[in-house]
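The values are calculated or read from the model by the stated rules, or taken from the named source; none is laboratory data. Bear in mind the structure is a predicted one, so any value in this text is a computation, not a measurement. Positions of Cβ are generated from backbone atoms using ideal geometry, with glycine treated the same way; all protein chains shown enter the neighbour counts. Calculation scope for accessible area: heavy atoms of the full protein, side chains included, ligands and nucleic acids excluded. Shrake-Rupley method; radii C 1.70, N 1.55, O 1.52, S 1.80 Å.
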Amino acid sequence: MIEVKNLTKRYGKITAVDDISFTVDTGEVLGFLGPNGAGKSTTMNIITGYISSTSGTVTVDGSEILSEPKKTKQKIGYLPEIPPLYIDMTVRKYLEFMFDLKRVKLPKKEHIAEIMRLVGLDKHGKRLIKNLSKGFKQRVGFAQALLGNPPVIILDEPTVGLDPKQIIEIRKLIKSLGKKHTVIFSSHVLSEISATCDRIIIICDGKIIADAKSNELSAALSGGQRMSLVAEGKPAEITSELEKIPAVTKVRRGGAADPGVKYYVEYKQGEDIRRDVFSAMERINAPILEMKSGDESLEELYLRLTENAKGGEAS
Ligand code: ADP
Ligand code: MG
């Protein structure tokens, strides 16, 4: 459905997007994950035809964005990082206005009513957009992207700034969109992506550093087991003490856990190192504040990949 080929975007000396290629199949929900400044918005702005690329091509459902901008744009519903809302309009007036602007050919009243129902705005048609909460404003942005039932929906950090309840609602909405549309959505938060997507692309410094099905990504870490640990004490001493445990194959320092510091420990398949970790930390008087097995693997992978791509761990 979407084919991105050798896409590069330079802003003067900055290469925001560096020769990336990927395809998205029809009906797929693709998560575009990467730290701030990775090039997510730039890529999305190019796919949707908002800005042009320095080189490379984007094809959506057979049409090329540069040679057939109008035709291609009609196939895409886009929710940019900052939704283009006219805050002095009511919800319904705004959607009617956007309906006309996009020259949607569907029956206007029914179509708008249907979309408002879908995003949970059906009781809010008469409210002024400026009086809506951030979560409801985001729904209006969603509704605008869905006008005309485009086969492709692109959402740039749709959950930023929302509270946890709103985030869950938006996640549900994205999942439901995946039934009828091909969806790409970006986030800098891993849990956001892994909860919602079939497939994840990780981008860092303008380059794709991973592209896999959500479950394959954790499997890519195979060949051993993992646990994470938060402990208080001197990081160098804790690391070296953990490394002394016979079954441990690798210890990596994570971020500050406040209090304490997080460590990721890899160890041999079939072993249980919890007691050894406890004794080791007791020996050097480093209280363990948290110990978790396995479930951090995706988070760890993300950290490891983005750190490697950036050329080493910041100390
Ligand atoms: P993300 O959405 O992943 O946070 P962006 O695509 O917004 O990342 O930005 C990627 C890089 O390109 C950043 O280094 C950013 O500073 C730079 N950049 C983005 N837009 C512009 C612009 N209009 N002019 C100059 N640099 C830009
Ligand atoms: Mg962005």
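A few remarks follow.
- For the residues S186, S63, S240, a GNM of the chain with alpha-carbon springs under 10 Å puts the largest fluctuation on S240.
- Those trypsin sites (Lys or Arg not before Pro) in the range 1-67 that DSSP places in a loop and that have at most 12 other beta carbons within 10 Å: K13
- In this calculation the C-beta distance from E114 to K207 is compared with R0 = 30 Å, giving a FRET efficiency of 0.15.
- With contacts taken as Cα pairs under 8 Å at a separation of at least 6 residues, the chain carries a relative contact order of 19 percent.
- With all protein chains in place and ligands, DNA and RNA left out, the 1.4 Å accessible area ranks D19, D258 as D258, D19, largest first.
- Whole-percent carbon and sulfur share, accessible surface of the chain, 1.4 Å: 51 percent
- Ranking G120, S240, Y263 by how far each Cα lies toward the positive end of the dipole of the chain (charges on Cβ) leaves G120 at the top.
- Rounded tilt (10° steps) of 91-101 against the dominant C-alpha axis of the chain: 70 degrees
- Pairwise label distance in nanometres, D25 with S293, each label 7 Å out on the Cα-Cβ vector: 3.4 nm
- Separation of the A256 and S133 label points, Cα + 7 Å toward Cβ, nm: 3.3 nm
- Dipole magnitude for the range 104-211: about 660 debye, using +1 per Lys or Arg Cβ and -1 per Asp or Glu Cβ, origin at the Cα centre.
- Computed lengthening from T249 to R274, 0.36 nm per intervening residue step minus Cα-Cα distance: 7.6 nm
- Angle between the chain longest axis and helix 297-309 axis [Cα atoms, degrees, rounded to 10]: 90 degrees
- Helical content of the chain, expressed as a calculated mean residue ellipticity at 222 nm, amounts to -9500 deg cm²/dmol (DSSP H runs of 4 or more residues, -39,500 (n - 2.57) each, divided by residue number, nearest 500).
- Greater than 32 Å apart at Cα, pairs in K109/K172; K165/K262; K71/K172; K70/K109: none
- Solvent-accessible area per residue, Å², over the chain with all protein chains present [probe radius 1.4 Å]: 50 Å²
- The angle between the Cα long axis of helix 134-146 and the main principal axis of the chain comes to about 60°, on a 0 to 90 degree scale.
- Distance from the alpha carbon centroid of the range 105-125 to that of the range 221-261 works out to 52 angstrom.
- Taking other residues whose beta carbon is less than 15 angstrom from the beta carbon of G56, and scoring Lys, Arg as +1 and Asp, Glu as -1, yields 0.
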